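The values are calculated or read from the model by the stated rules, or taken from the named source; none is laboratory data. This is a predicted model, so every value here is computed, not measured. Note that each Cβ is placed from the backbone with ideal geometry, even for glycine, and that neighbours are counted across all protein chains shown.
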Amino acid sequence: MNEASNTPQSDRPADSRERFLGYPVRRRPLELAGGPLVLYGPANFEELIDDPTVLRRFEADEFLPYWAEFWPGCLLLADLVESWPATNTDGRRLSLLELGAGLGLVGLVASRRGFRAMVSDYDDDALAFVRLSAERNQIPAPETRFVDWRLTYPDLQFDRIVGAEVLYEKRHLEPVAQFIANHLTRDGAAAICDANRQTADGFPDAALRAGLSVAVAARSREYDGRTIQGRVFTLKLAD
């Protein structure tokens, strides 16, 4: 496993005096195949750990504000989505859900590419930052929605479901796999990317139990002077 090269860089200082929703804001300029994009988010993830609201939510549901950090593994999935066609063979725009989006890079890339994108997270502040990034980058704003992947939403069905770095705890494997099985169209496909975390090693078995087929492929790319390494789990409804 190669997690050391994929850890977030939260010790870097904020590069802006701007505040949004009370947070000091950090701008992250990123170079992507579809063109540059500036991602907006809170300046310091660690400072949120001791926030009284976070502490109360952790006591109730083991909540941690993972959404507020930039996880470089999301770049691997963003690169993949950049290569996907946004329409099917008859020209219909494909629908795409980013699950557990955090700062929403992959959903923003999908929206820019032309997908009918929805960005979801378990924190409303995360979704507000996604909308801010869309506005500042002049990207068509993806739909945003508060989604708990432990639940089923009868009104939600997608041609593509994607998620980056959502398998950081073993307790998430089964719910993420089942959510995909419940919300993927019959001919759809999902892609879940992680930075080779040991906690995610059991995800293929969880996917099979949920009625999904799974293929695993390694991916890597350069970022900030280092190599980001990870894997993508490609999932479809089993025949």
Over the stretch 169-196, the set of residues closer than 17 Å to R231 by Cα and touching a strand residue (DSSP E or B) at 6+ places or on another chain (Cβ under 9 Å) is V176, A177, A189, A190, A191, I192, C193, D194, A195, N196
Could you tell me whether any residue of the stretch 135-144 is of a type in the set (V, I, T) and more than 19 Å from V232 (Cβ to Cβ)? yes
Checked pairs for the stretch 97-110, first within 11 Å of R160 (Cα to Cα), second among the hydroxyl-bearing types (S, T, Y) and modelled with pLDDT of 95 or more, C-beta under 7 Å and 6 or more apart or across chains, list as L97/S120; E98/S120; L99/S120
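Residue-wise test of (1) touching a Leu at 6+ places or on another chain (Cβ under 7 Å); (2) more than 23 Å from L108 (Cα to Cα).
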residue	(1), (2)
Q157	no, no
I161	yes, no
H172	no, yes
I180	yes, no
D187	no, yes
A195	no, no
T199	yes, yes
A207	yes, yes
Taking the stretch 207-235 and keeping residues touching a residue at least 24 places away in the same chain (Cβ under 8 Å), within 30 Å of L30 (Cα to Cα) and either out of contact with any Lys or Arg (no Cβ under 8 Å at 6 or more places or on another chain) or aliphatic (A, V, I, L, M) (or both) leaves S220, R221, Y223, D224, R226, I228, V232, F233, T234, L235
Note on the stretch 90-125: residues under 22 Å from A177 (Cα atoms) and hydrophobic (A, V, I, L, M, F, W, C) are L94, L96, L97, L99, A101, L103, L105, V106, A110, A117, M118, V119
